[in-house]
Structure formats: C-alpha cells, structure tokens
There are 4 protein chains.
Amino acid sequence: MEFKQILHDIYSELAEKNDNGQVASYIPELANVDPNKFGIHYSSLEGNSYGLGDHQEKFSCQSIIKVLSLCLAIKNEGVGIWKRVGVEPSGTPFNSLVQLEYEHGIPRNPFINAGAIVICDILMSQLENPKADFLAFVQKLAFNSNINYNPKISASEKAHGYRNAALINMMKSFDNIENSIEDVLDFYYDICSIEMTCEELAQTFLLFANNGCIPNSNERIITTSQSKRINAIMQCCGFYDEAGEFSFKVGLPGKSGVGGGIVAIHPGKYSVAVWSPRLNKKGNSYKGILALEMLTTKSELSIF
Amino acid sequence: MEFKQILHDIYSELAEKNDNGQVASYIPELANVDPNKFGIHYSSLEGNSYGLGDHQEKFSCQSIIKVLSLCLAIKNEGVGIWKRVGVEPSGTPFNSLVQLEYEHGIPRNPFINAGAIVICDILMSQLENPKADFLAFVQKLAFNSNINYNPKISASEKAHGYRNAALINMMKSFDNIENSIEDVLDFYYDICSIEMTCEELAQTFLLFANNGCIPNSNERIITTSQSKRINAIMQCCGFYDEAGEFSFKVGLPGKSGVGGGIVAIHPGKYSVAVWSPRLNKKGNSYKGILALEMLTTKSELSIF
Amino acid sequence: MEFKQILHDIYSELAEKNDNGQVASYIPELANVDPNKFGIHYSSLEGNSYGLGDHQEKFSCQSIIKVLSLCLAIKNEGVGIWKRVGVEPSGTPFNSLVQLEYEHGIPRNPFINAGAIVICDILMSQLENPKADFLAFVQKLAFNSNINYNPKISASEKAHGYRNAALINMMKSFDNIENSIEDVLDFYYDICSIEMTCEELAQTFLLFANNGCIPNSNERIITTSQSKRINAIMQCCGFYDEAGEFSFKVGLPGKSGVGGGIVAIHPGKYSVAVWSPRLNKKGNSYKGILALEMLTTKSELSIF
Amino acid sequence: MEFKQILHDIYSELAEKNDNGQVASYIPELANVDPNKFGIHYSSLEGNSYGLGDHQEKFSCQSIIKVLSLCLAIKNEGVGIWKRVGVEPSGTPFNSLVQLEYEHGIPRNPFINAGAIVICDILMSQLENPKADFLAFVQKLAFNSNINYNPKISASEKAHGYRNAALINMMKSFDNIENSIEDVLDFYYDICSIEMTCEELAQTFLLFANNGCIPNSNERIITTSQSKRINAIMQCCGFYDEAGEFSFKVGLPGKSGVGGGIVAIHPGKYSVAVWSPRLNKKGNSYKGILALEMLTTKSELSIF
C-alpha cells in the first residue's frame, strides 16, 4: 500500500475519534490550545511529502526540540558531552529528582528534563549568542527562516517552573552546571517554546533519516555515526517512561513533546510528524502514538 | 567491505587483547570456564555463515535463552502475557527487587530475572511437559537436536538462588505467580542452563531477522508483528541497565547472558553471536560488546 | 487523678465508639476474631493492677512478641547482634524490601519483619531447643505457665507468608541468615502466634519499666542499660512507619501487633496493654492508640 | 555520683582524645573554626549550672536553632502546622529529595532541611518582621539579649545552598511554600547562623525540660503538651539518620547542628549542651555524642 493511502486511512479513522487524553495544563499558555487539533505529515528521502489536517499549523515543539539541541551540542563538542549526561532510559517520569540524587547529579539521558537542561548549559558555554545561534541552527536544518520562539509560552513555563528549578539546583550542587542557573533556565524555556508545523518538523528531522546530512542542501551537519547514535537515544529514551511501549508498538526512533507533537524517523527512508494536543497519562500525545502505531502496522515497516 | 573480512579483522584485533572483565562467579560451575575463550559467528538470511575462534564450542546460554522462552509464550498465548509483565527498560540491575515492590509485583520486562520467571510460570501453565516441550521448541528453532540442558549448571544456580527465590516470593505475594514456587524456579534454572555454540545461536536467532519464520524450513513460528516486537524489547531491555549504552554503541537489538554470550540481530539481514566469558561491571561480556561495536562501525550498518 | 479513674474514663468513652479500622485480613485465622473486642490493663511497679473489658481474654500477640525475642537475644549474646540488625527507624512499611536491598541485607531495626526474622535466626543458633526454650523464657517473664503457641495461627500465617519468604531469601543472599530458611520462618511464625491477655502482657512488660528485673521475683534478666536500650528502640521503631506519630501523641515506648494489641511502658512507673482488633492504615490498633493518647493526656505523664 | 563530678570526668577523658571526625566543610565559613574546640555545659531546673572547656565561647547553632523555630511556629499556630510537615523519622540523610518527591512535597519532620524550610515559610506568614521578631523570641527564651545572627555565615551558606534551593523549589512545585523562595531561604540561612555558647544553649533549652515555661521568669511559652511533643520529635528525628542510634546510646531527646553543637534534655530535670566541631559521617558531632553517652551511662539516668 502506498504511504499516501495509509496516511489517508489513518487520518480518516482517527480524525473524529474521541480520546480521553488531557491537554497539558501545567503551563497555562499550552492549555489554551484547541484540544481537537489533529495533523500528520510524511516526508521521505525520495522527496515525497504530504500531509493531512492541521499539518501546516504551528504548535509548541516543547521536548521535541531537545533532539535538535542535543544535535548541536554533539556537533560542537563530540563525545565530551557524555561525561555529563548518560544514554540510559530513566524508567521514571520526565521530571523525577530521585535518580538524580542517587546518581550524583548525572541525568540518565539528554531527553529527560534534567538532561536537556545540562545540554542547554553545554550550549551556553559553546555559543557566543545562544538564543540567536540556536534559532539559526534550527532554521538551517528546517531549510526555513520562518521559525521562531514564542515568548508567551516561555514566560508562562518559567513562571511555573519550580520543578525544573529544583532539578538544576540539584545538579549545580553536584557541580554539573557551569553557567548561571537563571540564564540556563531562561535558555531552556526559550528553546522549548519554538513553534513549528508538522510539515516543518517532518522536513527538519529528515536529517536523522539521512545519516546526518540535510537532504535539501546535502550539507553534512553531524557524522553518520553521530546521527545513528541520536536515533538510538530516541529509540530508548524518547518517550519518558513509555519508551519501551513506543518501541514495542511503533518500532521507530521518535520524540514526543507535551505540546502534543511526535516525530518519528525510519532511518534511510522517511520521517513523520503528528500533532494532537490531548496527552495520555505518561505525557505523550494519545492520538499521536495511535497514528504511528497504525502507520507501522499498515505499512509493515519498522526498524525491527 | 565484506562481512567475512570484517569478522576476520575483529577477531584478529580482539583475540589477544586483554580485558579487565571478570568471569561470573556467583555460580560456581560458571566460574570454571576458561576465561580466554573467544568465538564469533555470523549467519545471514542469504545463507552465508562463517565463524572464528571458539565459535563451535558449547557454552551456557543463561539469559540469552529468555528470548526463546518469551517467543514460545507469545506464540502460545499472544497479547495475554502483557498483563503480567511490562515492556519498559528497568533502569536498575537485573535482580533488583525495588521496582517490583513499587510496581506491585509486575516486572518491568521479560528479560530481567523477575520477568523471565513470570514467563516461566506462564509456560508451565501452557505446556504439558514444560522441560521436554521447551527443549523440543529450542531444538526445532535451531534445526538441531544436539542441544540440551546442563544439569550441573542448573543445580549450581539453584543452590545459590536466594535472590531469585526472593523475587518469586515477592511476585507470589502480589498474586503474579500461578504455579508452585519450587517448580517454577526449577524450570527457570533448567532453561538458563541450556548450552549452545555461537554457530547454533546465530542460526537460531535468524528467526527474528526473518520476521518470525525459521529460514531453513520456512516454517512460521510467530507473526511478523510479534517478531518485530520481540526485537523491540531486545533493543530497549536486552542488556540490563546497559541497554541504552548497547543501543547507542552497537545499534542492533540483542541479548546477553552471564555465560559471556551475546546475540544481536539485524532485521531483514543477519544475526551474529559472540562469546567471551569475561564480563564488565554491568554483567555483559566485555569483549562481546566491543566486537559488536566494531562490527556495526566497520560495516556502517545498524538499524539506525 | 487516679489511674484507676483514668482507665475507667477511657474505657467508658471508647467502649461504644465506632471506628473505621479493619481487622487484619491477610491471615485468615486472624480475620475470625470479633472486631469489637476491647480490653485495657494497667500494672504498676508499686503493685497496682487493674483492667477493664476483655482484658483477661487471650489474643494473638504477633509483633508484640518481637520485644521478648529481642530481649532473649540480647540477654544471650549482648552487643554482637548489632552487627546484623540496626536500631534506626525504617521510614517504610513493616514488610518493605526496598531498604533491605539498598542496605545490603541488614534490616533497619529488630521490629520490622526482616529484623525480627534475623533475631529468630540468632536465637536458633543460640538455643538448644528454640521453640521450647523461647516459650519457657516468655512464661518465666510472665510469671505464668499458662501461655502457649497457637498452631492454627502459625500455620495460617505460614501458608500466606510469601512476603516474609522474600525478605529472608533476600537476607540469605547477603549472607545475613545462618540457619535453614524454612526452619527460621517456622520459628518466626511460631513465636508470633503466642497468645496472651492484656493482663499478662502488662505484667510481662513491667520488666522494661523495672530496668530489666522481673518485679515479682526480682530476678535480673538483662542489665539496666540493655533494658533502657530496648525501650529506646521501642520508642523509635515500635510502630512501623507511625513510630514518630505514636511518640508525638503518646510519648511512651511501646510495641503494637496486627492482632490489635499494644503495650506501652513508662520506665520506672508502669506498663499498660490495650487490645482492640480494628487496625488503622498503618497496621496499628485504631482504638488502642487512641486509648494510650488519652491515658498520657489525662495523666499528664509521659517520658517527655 | 554528682553531675559536677560526672561532667569533670567526661571532660578529662575526652578533652585530649583524638577523633577522626571532620569539620563541616560545605560552608567555607564553618571550615575556619578551630576543630579542637570542646565545651560542655549542664543546667538543671533546680538551678545548678556548670560547664567546662570552651563552654562560654559562641559557635554556630545551625540546625539546633530549628527546635526554637518549631517552638515559635507551634506557639503561634498550634496544630495547623502538621498539615504541612510530618513527625516521622526520615530514614535518609538530612538533605534528601527522594522522600519529598514520593510524598508530594510534605517533608517527613521539621528538623530535616526541607521541614525546617517549611517552618520558616510558616513563620514568615505569621511574623510582621520575621528576622527581628525571631531574634527577639530567641533572646527572650535565652534570657539574654547578647545573641545575634552572623551575617558572614548566612552569606556563606547562601552562596553554596543549591541543595536547599532544590528542596524549596520542589516543595513550591507541590504548593507547600507560600512566600517568595528567595525570602524564605534568606530567613532560613539567617536563623541557622545564630551563634550561642554551650551555657546559653543549655539555659535556653531548659524550657523543654520545664514543660514549656521559661525557668527564670516562669513565663509560659507553650503548653505542657506542646513541650512534650517537641521533645518527642527531637527523640525520633533530632539526629538525621542517626536518630535511632542516639536514642539507643544516649536515651534523651536532643538536637545536633553541623556547627558541632548538640543539646539534650532530660524532661523534668536538666538540659546539657556540648560543642566539638568534628563531625561523624552522619553529620553529628563525634565527641558530642560520645560525651552524652558517657553522661547517661555514668549517671544511669535517661528517659528510658
């Protein structure tokens, strides 16, 4: 079956389906989003690209962006970053402090909040103008200058970010934060506030299906090995304490965000982005996971 | 580069290399193995098959066999088993009781000890003659009747199995064990004592590279989807609390055992088995992981 | 106010009071007890002794007996036992395995199940005929030969004792159990099954109000310092994860059992035993704690 | 034996004794104290008062002061505070975040850092001018206007207080902090910086030996029951994860501070303060605990 047809089937089946998921409410600005939004977009290395529903509407990337901040940190610093953050699944919710205490301030992986904050700290030490430089990097990967921060979202998150403040202070107490706590948190909230459409996300993440080269420009951003390793981390750690479940049901590396977006990658083949703001209890898009499960079931293609 | 050449290079480089790993000592019988044994064997779906070193010498499969017991339980019972065991990485050592207590007797996944014991309990309820039936199943997958239990090893494990007795009693207290504790533990130690060579293991695990069909006979054992899902669990949970690291460095689904063996699978392509008894601190073969990392680096092929 | 009057007031106020507590149901035999039983008995070093309600009816001592097994172990072995069990509050439920794993098989204190099992193991190594010798010891302290085991209760507990089997196997895996697991568990269930009345318990525990001498016979059982230390452990660890609450509200060293009994001691003055089978969520007698809180509030006497 | 003689014997025996303890180094200002300082002071309700060594030299009270902040909070608000902090021993180090996460932001007791911070938050909501009002309260209890904050110590603690910042942010995320995080932490560091001598501490803590009345003025500060309960909390929670050990060895309610001070109380009788800056691994004064153990052993008097 053609992917176009599969996408169409998935969209038809899910568009009107009710789900019990809840829109993220801990950030007031996110709670304002229409919970019934639903979009999906597919982009292949062969140049195919099509989408359905709200696939061209911007939404808050949130944790999805952590793949791109990790990518930039790896590009700039290579293996040095692995002294400060691990690559193991956490087995606990995304904002847990428990493991951080037992493991002396070294976060389990770069996608739980603590790990993403360490990556922000690393970027702040690397970049001359972190906020501008990082946006430029994302725009370049996306081949699109029409991507930006949403200052309302970042302000809203910051005003309620006590848990993240706890995490970064904990890591600072173990000497795993170099820059000012306030500056690192500001930068962290900024990058999480970046808004993109499903189409833009699918396009951008083709990089990881393409062994680290931007397909449009053929510019190499990271090495083949680095690209594979980012995919491996997505596979094991991309969905908080539901990573195994996603791997089991969908069988692709991917990353979710509390804005309701999910991106998944079939290395060597395609990337796909879904958006539906209602989240399951683990904090991942309820309908998004369903859509991707249908995609790999119907196509009978997964990395496994 | 040809795989034959790659294997040769790996073997040359590693055969004489000293490593700091320690042979598993908690089971006296395992401690008697020559720590310098080293073998590697590659089998492809196209019918290629070659190995080096001690690749035709039997060793104790230990936890590697848990993939086959899971396979049989899934074949017999389908999705029903997932009410009694999860598919998430544990984030803790293989014999930890902590998570079991917090999560009310449901093990995180079928590859940590507690989960493998639950699978044994399921098999005991399914099979008329568990010990004979399971061996017949393994011999069929291996296309080889020359595979057997090692009663010395299973007796040795049983005599020191207080931690496993703690695990199964804990699960029984949460009503997650149906059969007699003693019988289930006996069966568990029996299956872990099965001995195979690298060549036999590589051959047997081709099943999971071949979407659930035995390549030699073309007999379907499990569905494509079931086969993919077993690979997904291997990817996220096959190496205890080093699963992320293996995924990151090697990029293939795989499973290790404290006997020093590791099997890895490239779905659609090949399987490979390594044996070197010295283990790293996480309980995985030190040289085995190194060999597989070299294999996917040199071949530039991984699922990512 | 006279203690006699205080006891009378407490009894009048509580006898008809309904409470939401639940009789222990995990042991079928215990669940058969009439939940409305209520008795209280007071014995002073000056020789005063009076009780009300069901104070002369036998009930299952359960964990209360752990004070006497600790007493005998200390008498026989002195400080040697503290290498194998601690004196710190556990901060977790009475049958938790979590701490045992983190702390390498050394239970936090002799009153949580794990610790009491270690004390049983110590006694088994000390005593020629553990079951007979321990009963003789209790009868001597109680100045009463009419005290015995209840084999139905011990058999009932044993048949459902998976959690305790998990605890002892865990400790055995850390080499903190010397004797056969089955024998130690049998002995543990036996001693917990001893039945006494409130009157007998109050009389027996006067030992700890009297610096280690039996008041009736003036026979010294343990030293003053040992007696004080047993009281200190009761103060900090006598009520599972409600020890602080009991200390805060009642202000006396004491020990509870799931049979619904509680004994408390005012060193140098008196001991008091209460029995009411309905338990609160922490596993302590709901009405028993209330009665003792009223006792120290009305008498304005506590150790603090 | 007279207490005067006992004190003299203890001082002689311990003054020259070397111990392996380490002066608290996490606060640079504290690390500057002469580690060989040693003082002890005894004050009885009968009016006896004597001390030896450095008993009239000021040192940093640190956590000892948390008994007085709890006292003021109870005086002002009564039982209302127990909705926001518990009375159970923590079973974990003083600055652990683990329990705080599992127990939804409610600290185990008012003497671990998290609990003391909550008490500071409560006081900030109660007091018009927290810093001045609290000092006035302490001076009144001490019957001594010559007591003050040490701004160098509080500034030094604040500059390294990442762990406490983590704790308060964690609690704020669970809505258990009302005031500004920065203000509460400032107030917390201020009160911990108060300096007193052994003589002043022994005098001040007579309040808790005297059922809540200041002995000198006979002014009632808290009720008898409140005073007894503060003693009960000291008994179970006054020494971090060494509370059981202190209870076991010393048998008196007490409180330690990382400045090397310890105060203990014999209700109805006396209070005693010791100072020796070298701490054991649990963060309590090595020589201080030894001195108090000798005191209750030689006097054969403890609450048990």
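The values are calculated or read from the model by the stated rules, or taken from the named source; none is laboratory data. Since the model is a prediction, treat every value here as computed from it, not as a measurement. Glycine gets a Cβ as well: all are built from the backbone with ideal geometry, and neighbour counts include every protein chain shown. These area figures cover heavy atoms from the full protein model, side chains too; ligands, DNA and RNA do not enter into them. Shrake-Rupley method; radii C 1.70, N 1.55, O 1.52, S 1.80 Å.
When you work out D = kT/(6 pi eta Rh) for the stretch A:64-192 at 37 °C and 0.692 mPa s, using the Kirkwood radius from C-alpha pairs as Rh and the Stokes-Einstein form, the result is 222 µm²/s.
Here the relative contact order of the stretch C:63-192, from alpha carbon pairs under 8 Å that lie six or more residues apart, stands at 31 percent. Accessible area per residue for the stretch B:63-192, computed on protein heavy atoms with a 1.4 Å probe, is 35 Å².
Within the assembled protein chains, the solvent-accessible surface assigned to A:Tyr162 is about 70 Å², based on a 1.4 Å probe. The listed residues A:Asp190, D:Asp9, D:Asp183 rank as D:Asp183, D:Asp9, A:Asp190 when sorted by accessible area, largest first, using a 1.4 Å probe. With unit charges on the beta carbon (Lys/Arg positive, Asp/Glu negative), name the residue among A:Asn148, A:Ile119, A:Gln99 whose Cα is farthest towards the positive pole of the charge dipole of the stretch A:64-192. Checked the options; the winner is A:Asn148.
Given R0 = 35 Å, the distance between the Cβ atoms of D:Thr224 and D:Asn148 translates into a calculated FRET efficiency of 0.70. Between copies, how close do the C:Glu300 label points come, placed 7 Å along Cα→Cβ, listed in nm from shortest? Copy-to-copy label distances at C:Glu300, shortest first: 3.0, 8.8, 9.0 nm. Its Cα centre serving as origin, the stretch C:182-285 has a Cβ charge dipole (Lys and Arg +1, Asp and Glu -1) of approximately 640 debye. Over all orientations, chain A has a Cα convex hull whose mean projected area works out to 13.7 square nanometres. Each eigenvalue of the Cα gyration tensor of the stretch A:156-271, multiplied by 5 and square-rooted, gives one semi-axis; in descending order these are 28, 17, 16 Å. The distance separating the Cα centre of the stretch D:271-293 from that of the stretch A:25-39 comes to 56 Å.
The label-point distance for B:Lys131 and D:Ser180, in a model that sets each label 7 Å from Cα toward Cβ, rounds to 7.4 nm. Do the alpha carbons of any pairs in B:Lys249/B:Lys282; A:Lys83/C:Lys172; D:Lys37/D:Lys255; B:Lys37/B:Lys66 sit beyond 27 Å of each other, and which pairs? In this structure, A:Lys83/C:Lys172 exceed 27 Å between Cα atoms. In the stretch C:93-150, the inverse of the mean reciprocal separation of distinct Cα atoms equals 13.1 Å; this is its Kirkwood hydrodynamic radius. Basic side chains Lys and Arg get +1 at the Cβ, acidic Asp and Glu get -1 at the Cβ, and with that the dipole of the stretch D:102-209 about its Cα centre reaches some 220 debye. Please tell me which of these pairs span more than 18 angstrom C-alpha to C-alpha: D:Lys4/D:Lys228; B:Lys75/B:Lys140; A:Lys158/D:Lys131? Long pairs (Cα-Cα over 18 Å): D:Lys4/D:Lys228; A:Lys158/D:Lys131. Treating each Cα of the stretch D:1-58 as an identical point scatterer and summing with the Debye formula, the log10 of I(q)/I(0) at q = 0.13, 0.15, 0.18, 0.30 Å⁻¹ comes to -0.45, -0.57, -0.74, -1.24.
Distance between the pseudo-spin-label points of B:Ser25 and B:Val79 (7 Å out from Cα toward the beta carbon): 4.8 nm. Note on chain D: GNM, Cα springs under 10 Å; of D:Glu157, D:Glu16, D:Glu195, the largest mean-square fluctuation is that of D:Glu16.
Take C:Thr223: with every protein chain present and a 1.4 Å probe, its accessible area is about 70 Å². Given +1 at the Cβ of Lys and Arg, -1 at the Cβ of Asp and Glu and no other charges, the dipole of chain D around its Cα centre is 360 debye to the nearest 20.
Geometric descriptor of the stretch B:1-111, per residue, is 182 Å³ (volume of the convex hull of the Cα atoms).
Largest GNM mean-square fluctuation among D:Ser25, D:Ser44, D:Ser276, using chain D with Cα springs under 10 Å: D:Ser25.
Each semi-axis of the equivalent ellipsoid for the protein assembly as shown is √(5λ) with λ an eigenvalue of the Cα gyration tensor; in descending order they amount to 57, 39, 27 Å. Chain D residue nearest the axis that carries D onto B, by Cβ, with distance in whole Å, is D:Tyr102, 5. Test of understanding: in a Gaussian network model of chain A with alpha carbons linked when under 10 Å, which of A:Gly254, A:Gly115, A:Gly53 would top the mean-square fluctuation ranking? The residue with the greatest mean-square fluctuation here is A:Gly53.
Sorted shortest first, the separations between the B:Glu103 label point and its copies elsewhere in the assembly read 1.6, 2.5, 2.6 nm; each point sits 7 Å from Cα along the Cα-to-Cβ line. Label-to-label distances for A:Ser12 across copies, nearest first, come out at 5.9, 8.2, 10.0 nm, using points 7 Å from Cα in the beta-carbon direction.
In this rough spin-label picture, where each label sits 7 Å from Cα along the Cβ direction, the D:Glu13-A:Ser217 distance is 7.8 nm. Exposure check, 1.4 Å probe, all protein chains in place: D:His55 carries approximately 30 Å² of accessible surface.
Of B:Lys131, D:Lys287, the residue with the largest accessible area leads and the full order is B:Lys131, D:Lys287 (1.4 Å probe).
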